[in-house]
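Worksheet: one structure, shown below.
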Amino acid sequence: MSKQIAKSLEKIPLRLLLLVPFVLQIFAAVGLTGYLSLQNGQKAVNDLASQLQREISSRIDQHLDSYLKTPRAINQINVDAVRLGLLNLGDIKKTGHYFWKQMQAFEDVGYISYVLTTGEYTGAGRWMEGKGVTIDEVSADTKWKNYTYATDSQGNRTEVVFTSDYKPLTESWYTDTVRAGKPIWSQVFPWSDVPDILSISVSYPIYDYAKKLKGVLSVDFRLTGIGDFLRNLAVTPSAKIFILERNGLVLASSSPEKPYKMVNGKAQRLNVLESKDPLIRATADYLRKHFGSFNEIQNSQQLEFMLDGKRQFVRVTPWRDELGLDWLVAIAVPESDFMAQINANTRTTILLCLGALAIATVLGIYTSRWISRPLLRLSQASQAIASGQLDRQVKVEGVSELRILARSFNQMAKQLRDSFVALQKTNAELETRVEQRTAQFKKAVQAAMKAASESATAKQAAEVANRAKGEFLANISHELRTPLNSVIGYANILMNDRALSPQQAKRAKIIQRSGTYLLTLISDILDFSKAEASKLELEPTDFHLPSFLEEICGIFEMRAQEKKLLFQCQMTGDIPTGVRADEKRLRQVLINLLGNAVKFTDKGQILLKVSEIGTNYRSNFIPHKQIRFEVVDTGVGISPSHLETIFQPFEQVGDRDRKRGGTGLGLAISKQLLELMGSQLQVSSQLQQGSTFWFDLALPVVEIALETQPKGRIKGYQGKPRRILVVGDRQENRSLLLSLLKPLGFEVMMAKNGEQGLTIARQLKPNLILTDIMMSVKTGLTMTREIREIPEIKDVPIIAISASLIEMMEETCLRAGCNAFLSKPIDQQQLLSLLKEYLHLEWIYEGEY
């Protein structure tokens with residue numbers, strides 16, 4: 001075999017033998033180098049793409065941090081200027097000019113403004129086309145309208161170019177900042193006249209040294225510079241960078257696409273999933289599907305996906321700041337942007353291989369010829385020497401050239417990335433009437449008592465007097481409770497009216513307090529009458545004792561402050577949380593004692609002390625605790641001669657002005673109530689030094705949870721509207737219920753008597769009926785009985801309302817078919833509680849949506 005090869009080689013010319021191996025070696029070396037270069041290039045693409053995206057993302061983060069510090073820095077500068085006294089927010093004109101100058105220094109700022117809690121407002125900004133920087137003002141000088149002034153080159157106002165009814169105190173940038181109590185960003189918004197410009201506001205609340213709110217500073221900042229920055233970033237030719245909010249709305253991108261779209265002639269912000277740029281849209285869709293939601297992206301992620309069969313590198317990074325901005329920065333780079341250079345290098349390598357092959361062939365031909373010639377001469381010389389020409393010298397050349405050629409070949413191979421006068425008059429009239437009726441009552445009672453003591457035969461006359469007294473008290477109760485229903489009801493409505501000035505609210509509070517005081521006088525007289533007739537009864541319930549005491553202390557702490565007295569409430573020892581007692585009567589006793597303490601104390605302090613005394617014991621398997629209630633004051637005190645008489649009915653001590661402040665029944669009723677509870681009211685006093693009233697109660701201890709505090713004022717209810725029929729013969733009572741119910745969303749229908757109410761109930765089928773009892777034509781009870789006989793409305797809830805004595809009327813109403821009973825004056829909370837129960841309502845409170 002080797003011999004055959006050797007024979008075959010003998011036939012090959014020397015030039016070809018030198019040329020072919022040389023050319024094959026060069027081709028193999030260049031080809032292998034190109035292949036390895038391609039493989040290493042593809043591996044380097046991932047590292048290069050990741051490194052490039054990290055660097056770009058870091059640059060974007062730095063730019064956002066720096067860029068969005070500007071509006072916050074402006075607010076901080078202005079806040080510091082206010083605190084240092086360099087900027088007086090009360091001077092509207094100078095402050096507006098100061099903002100104008102700041103606008104000259106910051107081109108990306110769209111508007112700088114502030115509003116005081118008084119409603120005074122000024123701002124400067126670029127918002128009117130062709131007007132440059134204008135100054136806005138809302139103040140008494142502008143009659144509380146917004147005046148927009150054009151300015152000259154020095155910032156001086158030249159003319160009014162625009163007016164509007166702008167109310168800054170109702171704007172979200174003010175209300176949201178006040179609610180947050182700290183600097184916050186607004187939502188991103190496009191300018192109405194130039195939708196290409198997206199802006200964001202940062203607002204800063206200003207407080208005085210007493211932590212009282214003075215106003216809010218705000219800076220509107222244009223985000224246009226972010227898009228310009230992204231477009232100027234040198235990434236790759238096809239790379240796309242975009243910044244979006246967590247809701248998917250685009251903030252800025254390196255694409256020339258506008259950040260909004262026109263819908264029905266109005267600009268709407270662009271959702272990234274609706275972008276016309278295919279790479280941005282596909283990247284956002286991939287991120288949403290991969291994470292499930294933009295909100296789930298919590299840290300930087302390096303990802304890749306296929307788009308039209310081509311690999312795309314993606315890096316998404318959350319960007320946040322300390323005021324609550326939370327954006328996403330996404331960088332998408334097609335692999336082809338990196339492979340383009342590698343593919344170009346590959347093509348260059350192939351071309352170089354072909355060129356090298358051609359050149360090598362030519363050079364081989366010449367080299368072989370160059371090498372063969374010396375060999376030929378060597379051969380000729382050898383033949384000459386063989387022929388006897390011994391003096392021929394052959395210089396063998398080529399070894400050095402081959403080394404040079406090899407080095408030349410080796411050298412050649414090596415070249416290879418921030419949101420009431422009438423009500424007061426009525427009240428005065430009511431007070432006069434109560435005083436008159438109270439005087440009549442005193443005379444009647446005293447006459448009856450005198451007649452009873454004169455002769456035993458006057459028993460029948462006394463019984464007649466008692467009946468007359470009962471009828472008289474019932475008439476007083478009904479006659480006074482009916483107008484008090486309107487007085488207290490409308491006073492409560494006025495107190496809840498946010499439009500009232502502080503002075504008007506104070507007057508409404510006085511009316512409500514006076515009406516409640518009259519109601520207390522009426523209740524005292526009725527309770528005394530019941531006590532005389534031995535009809536006072538206790539109704540024990542389980543209640544939360546600490547909350548009960550806090551409520552009472554809250555009432556008298558305010559009264560004491562009005563007289564500049566110190567009020568203290570102390571609970572010592574192991575006071576139980578839950579107890580069983582008549583909460584209403586215990587409250588009545590404590591209010592009487594504390595009311596007297598405030599009334600007869602002009603300076604010093606009042607103390608309500610509740611303490612555990614003695615040892616615990618059990619009765620009927622229920623644990624009991626002995627609790628002492630003490631009311632201590634530093635008032636005028638009681639002389640020893642009056643200590644025994646103060647518990648008698650209509651007995652009062654003190655000067656004439658203080659005697660006019662009550663009926664003289666409070667201590668008498670409190671004493672009888674405590675005797676019903678198994679206790680005694682005791683007193684110790686020193687004239688001009690103060691008094692101490694106390695009593696001890698053995699209270700059963702029970703388990704009870706603290707009731708949830710109300711969420712606030714009710715403003716409506718959930719679900720479809722409910723219809724309520726109000727039946728009553730007095731216009732003022734119907735109007736009061738209408739004023740209470742209609743603002744809450746109820747549909748209110750009204751009827752003047754039971755006959756009319758029955759007709760309306762049949763026709764309109766209300767969800768609930770509120771009816772008075774005593775009416776002409778047809779009474780509320782008669783109407784109720786007839787409704788219960790009509791199949792289609794027999795189940796409608798009916799709530800009876802009456803000014804008559806509760807014990808005498810409630811049971812009658814329930815027997816007639818009423819579901820519940822309300823006494824006049826109407827307790828608004830009790831009414832709302834019954835409406836919730838019988839209409840199955842879920843209330844909506846202020847602050848809820």
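Data table
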quantity	calculated
Close pairs from the range 230-247: first assigned by the TED database to the domain that holds Pro259, partner exposed (fewer than 13 other Cβ atoms within 10 Å of the Cβ) and assigned to a helix (DSSP H, G or I), Cβ under 7 Å, at least 6 apart	Arg246/Asn295
Condition check for Pro195: modelled with pLDDT under 90, open to solvent by less than 40 Å² (accessible area, probe 1.4 Å) and out of contact with any Leu (no Cβ under 7 Å at 6 or more places or on another chain)	yes
Condition check for Val109: among the β-branched types (Val, Ile, Thr), within 15 Å of Val219 (Cβ to Cβ) and over 30 Å from the mean Cα position of the chain (by Cα)	no
Matching residues, the range 676-706, being among the polar types (S, T, N, Q) and either open to solvent by 50 Å² or more (accessible area, probe 1.4 Å) or not assigned by the TED database to the domain that holds Thr634 (or both)	Gln680, Gln682, Ser684, Gln686, Gln688, Gln689
Unique residue being at pLDDT 85 or above, open to solvent by 40 Å² or more (accessible area, probe 1.4 Å) and of a type in the set (Phe, Trp, Tyr) when the list is Tyr166, Tyr174	Tyr166
Matching entry among Ile606, Ile555, Ile575 (being assigned to a helix (DSSP H, G or I) and either closer than 19 Å to Ser684 by Cβ or open to solvent by 20 Å² or more (accessible area, probe 1.4 Å) (or both))	Ile555
Qualifying residue in the range 778-799 (condition: surrounded by fewer than 18 Cβ atoms within 10 Å (Cβ to Cβ), farther than 22 Å from Lys752 by Cβ, in contact with a strand residue (DSSP E or B) (Cβ under 8 Å, 6 or more places away or on another chain) and not charged (D, E, K, R))	no
Test: Lys11 is at pLDDT below 85, within 30 Å of Leu363 (Cβ to Cβ) and of a type in the set (Lys, Arg)	yes
Of all residues in the range 104-125 being closer than 21 Å to Gly225 by Cα and in contact with an Asp or Glu (Cβ under 8 Å, 6 or more places away or on another chain), the one that is surrounded by the most Cβ atoms within 10 Å (Cβ to Cβ)	Ile112
The range 126-156, residues that are open to solvent by less than 10 Å² (accessible area, probe 1.4 Å), part of a strand (DSSP E or B), β-branched (Val, Ile, Thr) and out of contact with any Pro (no Cβ under 9 Å at 6 or more places or on another chain)	Thr134, Ile135, Thr148
Filter pass, Val329 being among the aliphatic types (A, V, I, L, M), in contact with a Lys or Arg (Cβ under 7 Å, 6 or more places away or on another chain), surrounded by 15 or more Cβ atoms within 10 Å (Cβ to Cβ) and under 30 Å from Lys182 (Cβ atoms)	yes
Any chance Ala800 is at pLDDT below 95 and in a strand (DSSP E or B)	yes
Single condition Glu810 does not satisfy, out of (1) farther than 14 Å from Thr759 by Cα; (2) more than 47 Å from the chain's Cα centre (by Cα); (3) not in a loop (DSSP other than H, G, I, E, B)	(2)
Filtered residues of the range 314-324 (kept if farther than 17 Å from Ser255 by Cβ, modelled with pLDDT of 90 or more and open to solvent by less than 30 Å² (accessible area, probe 1.4 Å))	Thr317, Pro318, Trp319
Pairs with Cβ under 8 Å, 6+ apart, first in the range 309-324 and at positive phi, second open to solvent by 10 Å² or more (accessible area, probe 1.4 Å) and among the hydrophobic types (A, V, I, L, M, F, W, C)	Gly324/Ile184; Gly324/Trp185
Counted residues, the range 99-126 - those being hydroxyl-bearing (Ser, Thr, Tyr) and over 21 Å from Phe162 (Cβ atoms)	2
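The values are calculated or read from the model by the stated rules, or taken from the named source; none is laboratory data. Quantities reported herein were computed from a predicted structural model and do not represent experimental measurements. When we count neighbours, we look across all protein chains shown, and the Cβ atoms used for this are built from the backbone with ideal geometry, even at glycine. Ligands, DNA and RNA are excluded from the accessible area calculation, which covers all protein heavy atoms including side chains. Shrake-Rupley method; radii C 1.70, N 1.55, O 1.52, S 1.80 Å.
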